[in-house]
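Here's the structure, in C-alpha cells; my notes come after.
The values are calculated or read from the model by the stated rules, or taken from the named source; none is laboratory data. Computed from a prediction, not measured in an experiment: that's the story for all the values here. Heads up, the Cβs are rebuilt from the backbone with ideal geometry, glycines too, and the neighbour counts pull from every protein chain shown. Surface areas here come from the heavy atoms of the whole protein model, side chains and all, with no ligands, DNA or RNA. Shrake-Rupley method; radii C 1.70, N 1.55, O 1.52, S 1.80 Å.
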Amino acid sequence: MKVLLTGGAGFLGRNVVSALLESGHEVVLLVRGGRRPGLPEEATVIDGDVRDALVFTAAADGCDAIMHAAAMVKIWSARREDFDDVNLGGIRNAIAAAGTHRIRLVYTSSFMAVGPTPEAGVDEAQKHPGPPFHNDYERTKALADELARAYAAEGGDIVILYPGVVYGPGELTDGNIIAKMLADQMNGRLPGIVGPGDRLWSYSFVEDVARAHVAALERGRRGERYLLAGDNATLTQVFAAASARAGRDLSPRKLPYGLSRLVGRAMWFWADLTGKMPDLTHQAVGIFEKNWAYKSDKAVRELGYRVRPLGEGIGDTVDWLVAEGHA
C-alpha cells in the first residue's frame, strides 16, 4: 500500500515511518522544506505544508491512504493562530484530500482531544466536554477531533487514533517530553515537576503506538476511534521506575501548583516580550492538575495493540539515554 504520511519528521512520526516500511508499505512523506535528516532512504520526500490544501491533495494523488500525524505540539506560540492553521487547517486539508481521492485517512489525534478524566479512566465513549480549554493546543486538538468525527459520521473512511503521553528512545523534544525530563533530571537540570506528582496520566511506549498505526491502516474499522493508551500512572511512579533502572534516586523536586502558576505566568510574559519559547506557562499548570487516564481495551482487541508495562518502557528509555550519552 502506498501511504502519504504527514508529521513523519517528528518523534512519533519517525517510528511510524519505520513501522510502515517494516510492514512492506511504500511511504511518501509530506515535509515542509523537503528536509530529510535521519529519514530512511526508502521513503519518498515531497516538499509541502499541511496548511496548503492544493499541495496536500496533489501529494496524495496515486496514494492508497493518508496518515495525518502532523500537529503543532507546543505550550506557547508568538502567533496564536499557528495552532489553528496547523491543527485545524491540517485535518481539514487531510479530509479534503482523502475525500477527493476516495482513500482511507488515519488521523493521529491526542489524548487531550478526549479531555480530562476521573481517576478510574475512560474509553472511547468520552468526547471532550468543550470549553474552557487549558491552552491553544488542547483547544485546537479538541476542535480538530470534532471535524474528524463529523467526517466519520458522514461515512468517510477515517480511523481516529488517540495516543497517550508518547515516550521512549528518540529525540529529546516536546514530542518526547518524558525522555527529555528524565535526561534533565539525570543531569541535574530539572528544576522540578509541577504539583505533587500524584495525578494519573496514560503513558504509551512509542514503538507500540507506531505499530498500532499500521494496524489501524490495515484493519481499523471505518469511522472508529481507538485510544492508544498505556499504564495509567503518576509522575512519581515514572521517576521511581527510572530510579530503579538507573540505580540511583531520581526523585524530582515538587513545586506547588500556586508557585508553578506564578512562575508560568512570568515565563509567558517574558516569552511575549522576547519571542523565546517558555519552559512553563500558567495554562500548562492547569493541565498538570488534572487526571488524563484512559482505557485501550478496544485497540487491544481490534488492532492487537500491546500496552508496554511502564517499568519496562521507562527502563528501556533510561538505558537508551545512558547509551547515547544523554545522561
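A few points about this structure:
- For segment 97-125, a residue qualifies if it is in contact with a strand residue (DSSP E or B) (Cβ under 7 Å, 6 or more places away or on another chain) and open to solvent by 30 Å² or more (accessible area, probe 1.4 Å), and the qualifying residues are Arg104, Pro116, Pro118, Glu119, Asp123.
- Here the condition is being out of contact with any Gly (no Cβ under 7 Å at 6 or more places or on another chain), at pLDDT 95 or above and not hydroxyl-bearing (Ser, Thr, Tyr); of Leu30, Leu54, Leu12, it holds for Leu54 alone.
- In segment 63-76, the residues that are of a type in the set (A, V, I, L, M) form Cβ pairs under 7 Å with partners that are in a strand (DSSP E or B) and surrounded by fewer than 24 Cβ atoms within 10 Å (Cβ to Cβ), at six or more places apart or across chains, as follows: Ala65/Arg104.
- Output for segment 158-172, where each listed residue is modelled with pLDDT under 95 and open to solvent by less than 30 Å² (accessible area, probe 1.4 Å): Gly170
- In segment 35-55, residue surrounded by the fewest Cβ atoms within 10 Å (Cβ to Cβ) [restricted to those that are touching a residue at least 40 places away in the same chain (Cβ under 8 Å) and within 21 Å of the chain's Cα centre (by Cα)]: Arg51
- Qualifying residues in segment 64-74 (those that are open to solvent by 10 Å² or more (accessible area, probe 1.4 Å) and out of contact with any Gly (no Cβ under 9 Å at 6 or more places or on another chain)) - the one nearest to Gly164 (Cα to Cα): Lys74
- When segment 297-310 is filtered for residues that are small (Gly, Ala, Ser) and surrounded by fewer than 17 Cβ atoms within 10 Å (Cβ to Cβ), only Gly304 remains.
- Test for Leu182: is it of a type outside the set (Lys, Arg), buried (at least 23 other Cβ atoms within 10 Å of the Cβ), modelled with pLDDT of 95 or more and in a helix (DSSP H, G or I): yes
- When residues of segment 92-120 are limited to those that are of a type in the set (Gly, Ala, Ser) and part of a helix (DSSP H, G or I), the one nearest to the chain's Cα centre (by Cα): Ala113
- Segment 199-226, subset assigned to a loop (DSSP other than H, G, I, E, B) and farther than 9 Å from Leu303 by Cα, residue most open to solvent (accessible area, probe 1.4 Å): Arg222
- Here Gly155, Gly175 are screened, and the one residue that is assigned to a helix (DSSP H, G or I), closer than 29 Å to His101 by Cβ, open to solvent by 30 Å² or more (accessible area, probe 1.4 Å) and not hydrophobic (A, V, I, L, M, F, W, C) is Gly175.
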